[in-house]
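In what follows, a structure is listed as structure tokens, so that the remarks can point back to it.
Values quoted throughout were computed directly from the atomic coordinates according to the rules given, and no laboratory measurement underlies them. Predicted model only: the values in this text are computed from it and were never measured. Every residue, glycine as well, gets a Cβ built from its backbone with ideal geometry; the counts of neighbours run over all protein chains shown.
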Amino acid sequence: MATLVGARSRSAAERRFYTGMALIVLASVFLGFSRTYFLKPWFPEAASLAPPEPFFFYVHGVSFTAWMLLLVVQPVLVANRRVDLHRRIGWFGAALAAVVVVVGAMGALLAAHRPGGFMGVPVSPRQFLIYPMTDLALFAVFVVLAIVWRRDTQSHKRFMLLATIGLLDAAVIRWPLGDMTAGIGASPWTRTDICVDLFLVPMIVWDIVSRGRVHRVTLIGGLAVIASQPLRVVLSETSIWMKVAGWAIGLVGK
């Protein structure tokens, strides 16, 4: 009986942890995009940051917001013993993930193509393009792995959380906490990178508290997120990347 009660207690704590992490991620996205998207009418001074293709970028925002909301809904369904609905919605989530990758890549290319490139970024559009593309690549890999290991619930939920953490650059860089772009293109880790990496800390702590060790998905996936940050700085300066980026930007117009 004590073992059964202990297992139920751990299960409830685990659901609270993942629901709490999802809410923190959602709040972080809201904070980053509140002035230029969610609460835009109340921040007219941020109008200069709005992209010149408003309709597409609203589609972009809806797609990414839907993904963040899905991250909250799924553990809540499990907590309410609606695993059947959780699994059905999971296939919708897989399709939504594909939309996020496609829309995200198109949004990055459109932002790089417009006059002035990415707003407020101190490097060339071609050089900075590697940042959102790296995030989307990691997101796609983690989501695919989450689908492959969907029956391994411990791995599945960690892959899904890692996939979403990997997308937080765009929100974090917009936090009203000073110049979050400082060091981009010059430093292996910027303030934005460090803030994103801090989202990995609760996962590590949870693993140690609940399992006595860091889960292999948290370890390998977390290292992949961290390693991608200095790697993209190095790659962004290569002639090969600059040619690839120039070609890709050219696909959305002359």
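Considering the dipole of the chain built from charges on the beta carbon (Lys and Arg +1, Asp and Glu -1) around the Cα centre, which of Ala66, Trp175, Phe92 is farthest to its positive end?
Phe92
For a Förster distance of 22 Å, can you work out the FRET efficiency between the beta-carbons of Ile208 and Trp175, rounded to the nearest 0.05?
Taking R0 as 22 Å, the efficiency between Ile208 and Trp175 is 0.20.
Taking the Cα centre of the chain as origin, work out the dipole magnitude from +1 charges on Lys and Arg Cβ and -1 charges on Asp and Glu Cβ, in debye rounded to 20. If you can, show how the numbers build up before the last one.
Working: 24 positive and 12 negative charges, 178 e Å.
In debye, rounded to 20, the chain gives about 860.
Given a Förster distance of 25 Å, report the FRET efficiency between Leu231 and Ser124 from their Cβ-Cβ distance, rounded to the nearest 0.05.
Step by step, r from the Cβ atoms, then E = 0.85.
Quick one: length gained pulling Ile240 to Val101 fully straight, 0.36 nm per residue minus the C-alpha distance? Don't skip to the answer; put the middle values down first.
On the way: separation 139, 0.36 × 139 = 50.04 nm, distance 2.27 nm.
Net length gain for the segment: 47.8 nm.
Taking the Cα atoms only, what angle lies between the long axis of helix 83-113 and the longest principal axis of the chain, rounded to 10 degrees?
20
Take the Cβ-Cβ distance between Leu31 and Arg216 as r, set R0 to 45 Å, and report the resulting FRET efficiency rounded to the nearest 0.05.
According to the calculation, E is roughly 0.90.
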